[in-house]
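One structure below.
The values are calculated or read from the model by the stated rules, or taken from the named source; none is laboratory data. Bear in mind that the values here come from a model prediction, so they are computed numbers and not experimental data. Glycine gets a Cβ as well: all are built from the backbone with ideal geometry, and neighbour counts include every protein chain shown.
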Amino acid sequence: MSAPFPSLITPRLVLRAPGERDIAAWFVRATDIESASLAGDPVPDHISAGERWLARSRRRFAEGRATQWSIDQKGVADAIGTITLSFESDARAAALGFVLARAHWGQGLGSEAAREVLRYAFETLALEQVRAEAAARNLASLRILAKLGFNHVESFIDETDGGRCERLVLDGDAASSLF
Ligand SMILES: CC(C)(COP(=O)(O)OP(=O)(O)OC[C@H]1O[C@@H](n2cnc3c(N)ncnc32)[C@H](O)[C@@H]1OP(=O)(O)O)[C@@H](O)C(=O)NCCC(=O)NCCS
């Protein structure tokens, strides 16, 4: 039997398991070219890709490889984004990723979701480290990571587009002051 999904709540957000009703909003986000480019995600060409997105998300959760939350904003009908912890093979670390729909950028919602997922990662799962990567030009993402205490590890070139990326980490002992 698989583990129950760990829904999370913040003052403005509910983080819950993705479902069929999220596919249309996922497709709108995934086909925002600038957003996909910033996140380094492929752009789907048909909404049928949404079924594969959902199946993969569910499969990775069932296999214990990742937890991806759909982000609901209180009072907003469709999910406004996703946030994901992808567990690494040593099981004590995970990679963090997040995408919000453009209409919801710039309101502190990405920071609010990321802070709560980090609390879950360190307090509930007792992970030792959370890692993140962002394009060097992705100033909003890098700002969120810096505010949450991530430390820069190295710069590297993303071989898919030749752009510079930054690799950052947050260790559990350093994160305790966040919560
Ligand atoms: C990254 C993303 C989730 C940020 O969400 P958000 O809710 O807009 O972020 P927040 O409002 O919580 O915080 C953004 C911070 O970056 C700052 N910021 C935003 N754009 C900036 C820019 N161009 N230059 C400098 N700082 C910038 C904001 O001022 C804010 O910092 P502050 O809290 O000190 O004022 C959203 O922009 C997104 O979905 N982008 C596309 C996908 C993506 O890049 N995902 C991350 C992949 S690593």
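All of (1) more than 15 Å from the ligand (Cβ to nearest atom); (2) more than 17 Å from the chain's Cα centre (by Cα); (3) surrounded by fewer than 17 Cβ atoms within 10 Å (Cβ to Cβ) hold for Ser7 with one exception: (2). When the criteria are applied in full, Glu34 meets the requirement of being among the acidic types (Asp, Glu), within 14 Å of the ligand (Cβ to nearest atom) and surrounded by fewer than 16 Cβ atoms within 10 Å (Cβ to Cβ). Per the listing Leu139, Leu100, Leu178, Leu127, the residue uniquely touching a residue at least 24 places away in the same chain (Cβ under 8 Å) and within 21 Å of Gly40 (Cβ to Cβ) is Leu100. Inside the range 80-91, residues that are near the ligand (Cβ under 10 Å from one of its atoms) and over 20 Å from Thr124 (Cβ atoms) make up a count of 2. Only one of the numbered conditions (1) in a loop (DSSP other than H, G, I, E, B); (2) modelled with pLDDT of 95 or more; (3) more than 16 Å from the ligand (Cβ to nearest atom) is violated by Ser2, and that is (2).
Restricting attention to the range 37-60 and to residues that are within 16 Å of the ligand (Cβ to nearest atom), small (Gly, Ala, Ser) and in contact with a strand residue (DSSP E or B) (Cβ under 7 Å, 6 or more places away or on another chain), the residue that is farthest from Glu159 (Cα to Cα) turns out to be Ala39.
Taking residues in the range 51-67 that are in contact (Cβ under 8 Å) with a residue 40 or more places away in the chain, and partners anywhere that are surrounded by 11 or more Cβ atoms within 10 Å (Cβ to Cβ) and not in a helix (DSSP H, G or I), the pairs with Cβ atoms closer than 6 Å and at least 6 places apart or on different chains are Phe61/Thr67; Thr67/Leu85. For the range 121-159, the set of residues classified as part of a helix (DSSP H, G or I), surrounded by fewer than 18 Cβ atoms within 10 Å (Cβ to Cβ) and away from the ligand (no atom under 14 Å from the Cβ) consists of Glu123, Thr124, listed by residue number. Within the set Ala77, Ala94, the sole residue that is more than 13 Å from the ligand (Cβ to nearest atom), of a type outside the set (D, E, K, R), assigned to a loop (DSSP other than H, G, I, E, B) and within 20 Å of Ala17 (Cα to Cα) turns out to be Ala77.
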